[in-house]
Structure formats: C-alpha cells, structure tokens
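What follows is one structure encoded as structure tokens, with my remarks underneath.
The values are calculated or read from the model by the stated rules, or taken from the named source; none is laboratory data. These numbers come from a predicted model, not from an experiment. Don't worry about glycine lacking a Cβ; one is built from the backbone with ideal geometry, like all the others, and counts go over all protein chains shown.
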C-alpha cells in the first residue's frame, strides 16, 4: 500500500503559514497539548514537525507518521534538533508502525479534519495504545454557532478541501473520538487565531481522551 500522499502546492503554503501561526500563539497551544506526556508517543500526521521541540523530557520516544513527502522531509530535519528521540516514518493513520499496546500516548494535531476514514484511524490509535493510554488532540472543529456551521458545510462541499489539503472544517472531532470508544476527559473550545471576523477554520478544540 502506498504511503505517500503528495500535495506539493499545499505543503509549500502550509510550511510558510504554520510558522507564522507559531508566532501568533500556536506554539503555546502545542506546549499545552503535549505537557505532561511520558514514555512512548505516536503522532499521526506530524506535518513539518513543529510539535517536536515541545515534547517534555519524560517522553522517551516519539514515533511520527506523515504521508506528504515535502512536509515529511521538514519533519525529519526538525527531528534532528528535537530534545527527545523522534522517528519520522512515511505512513498513514490507518497503518501505524507499532505493535499492539506499544504506545503510552497518541497525539492528533490539526490532522483529523483531513482524514477521510476517521473511524478506522481512531481504531488504529486504540490498537497501538496501551490500556488507559492517553489521546491528546488539538484540532479545528465544527462551529457551535449555527450560521458559521452553515458556512463551514458550504465551503467543505466546494473549494476548501482543494486548497487546504483535504481539510473539512465541519468535522466534529470530539464526537468521532467518543464514537471510536475513547472516554473524553477534558475539552477546551476557543477560536484561533483570535479575530473579530470568524472564518470556517476559526473554531478549535483542545483536549484529552483515554483509551
């Protein structure tokens, strides 16, 4: 099965935009997402590896998968300067390179919205997590506001996925995680970046779930 999903235009844009968003506050959100993790962590869709420098020292190993070749190359460079041991693999969310129960925690960061088979991907995360293993997630999500939710559904059905690497803004990640058998322990909802005018990708959710 092919593990590469080339998106050359999106990957170039994402690399530039994501680094600007770090300065706007995304770096702080990444630190909050990863705080307190220990042991072996699997990260799905690591992109250009901006999470890596925020993993705490108690993490002994990060196994990261990324199917987009340009972003994966950037992640490999980021892994070389991370403060913890990071392995970057070509791979997809439905076939993680770990045996059953091998991970202490899993990380989803701005990726679940672009995975078509979310139930299958979350089932694979449950497979590699040990009993009681944590799932940490930071995602943009479906709006609670009815008007913005209608806009999200409109753009999802038209141009947004084409320009945003397959992203669907009206995805309800918390509901998907619960349907996959995880127990959600903590959820915080907010807009990012904070602005007077909300856009389809403004609503975000940050939380923790247990397998």
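Key figures for this structure:
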{"item": "In the range 14-31, the residues that are under 15 Å from residue 73 (Cα atoms) and either surrounded by 16 or more Cβ atoms within 10 Å (Cβ to Cβ) or in contact with a helix residue (DSSP H, G or I) (Cβ under 9 Å, 6 or more places away or on another chain) (or both)", "result": "14, 15"}
{"item": "Matching residues in the range 171-203 - criterion: being assigned to a strand (DSSP E or B) and surrounded by fewer than 19 Cβ atoms within 10 Å (Cβ to Cβ)", "result": "183, 184, 185, 186, 187, 188, 189, 190, 191"}
{"item": "Cβ pairs under 8 Å, 6+ apart, first in the range 75-102 and on the phi > 0 side of the Ramachandran plot and without any contact (Cβ under 8 Å) to a residue 40 or more places away in the chain, second in a helix (DSSP H, G or I) and buried (at least 17 other Cβ atoms within 10 Å of the Cβ)", "result": "101/128"}
{"item": "Meets criteria (part of a helix (DSSP H, G or I), within 16 Å of the chain's Cα centre (by Cα), modelled with pLDDT of 95 or more and surrounded by 20 or more Cβ atoms within 10 Å (Cβ to Cβ)) for residue 138", "result": "no"}
{"item": "Condition met for residue 47 (crowded, with 22+ Cβ neighbours inside 10 Å and at positive phi)", "result": "yes"}
{"item": "Selected residue (criterion: surrounded by the most Cβ atoms within 10 Å (Cβ to Cβ)) from residues of the range 141-165 that are out of contact with any helix residue (DSSP H, G or I) (no Cβ under 9 Å at 6 or more places or on another chain) and part of a loop (DSSP other than H, G, I, E, B)", "result": "145"}
{"item": "Filtered residue count, the range 63-78, keeping only those that are within 16 Å of residue 107 (Cα to Cα) and touching a helix residue (DSSP H, G or I) at 6+ places or on another chain (Cβ under 7 Å)", "result": "2"}
{"item": "From the options 98, 129, 108, 112, residue that is more than 27 Å from residue 201 (Cβ to Cβ), at pLDDT 95 or above and touching a helix residue (DSSP H, G or I) at 6+ places or on another chain (Cβ under 9 Å)", "result": "98"}
{"item": "Hits in the range 71-97 - residues which are outside any loop (DSSP other than H, G, I, E, B) and more than 14 Å from residue 47 (Cβ to Cβ)", "result": "87"}
